1. Give the residues of segment 76-92 that are in a helix (DSSP H, G or I) and surrounded by 22 or more Cβ atoms within 10 Å (Cβ to Cβ), sorted by residue number.
2. Quick one: which of LEU68, LEU112, LEU102 is touching a residue at least 40 places away in the same chain (Cβ under 8 Å), touching a Pro at 6+ places or on another chain (Cβ under 6 Å), closer than 21 Å to PRO54 by Cβ and among the hydrophobic types (A, V, I, L, M, F, W, C)?
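Please treat every number below as a calculation from the coordinates, not as lab data. Owing to the predicted nature of the structure, the values given are computational and were not obtained by experimental measurement. Neighbour counts are summed over all protein chains in view; Cβ atoms, including those assigned to glycine, are modelled from backbone coordinates with ideal geometry.
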Amino acid sequence: MQGEAFVRLPSFVGQRPETSSLRERILSQRVYPTEVLRKIVRKIDAPAAWQAIPTEDQRHFVLTSFTLGCVSILAAFFPICGFPVSITGLLLGLYGRQATPLKTTSAWAIVLSLIGLLLTCINTLVILSIYFQNYL
């Protein structure tokens, strides 16, 4: 122990050993710009990393519900077709929202199916009111 005025105590489990100088501590904690960028990107992409990548079957399932939601708006003018199409699109959209990570597309499918169902109900009420006014 030449030149040292103190005695270094042994390090225990969980404690970091002391470095000899401030320069060594700074150099041991050096952070490069690419590491900083990597950390920032990881924080930004963290929610996406938690979600699973959808399979091909899940994509087709959600796309089917979205297509039925679009078709239900057109089928609303024919109540016989409008009810089954809009209800099927709504059920597939609700199931797709729970089962797949494609939540935005499933939400659009649900909204379009609800619009189609609402238009079908309005069209049915109008047709029934016209029928009862004219024939009864």
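1. GLY82, VAL85, SER86, GLY89, LEU90, LEU92
2. LEU102 is the lone residue from the list that is touching a residue at least 40 places away in the same chain (Cβ under 8 Å), touching a Pro at 6+ places or on another chain (Cβ under 6 Å), closer than 21 Å to PRO54 by Cβ and among the hydrophobic types (A, V, I, L, M, F, W, C).
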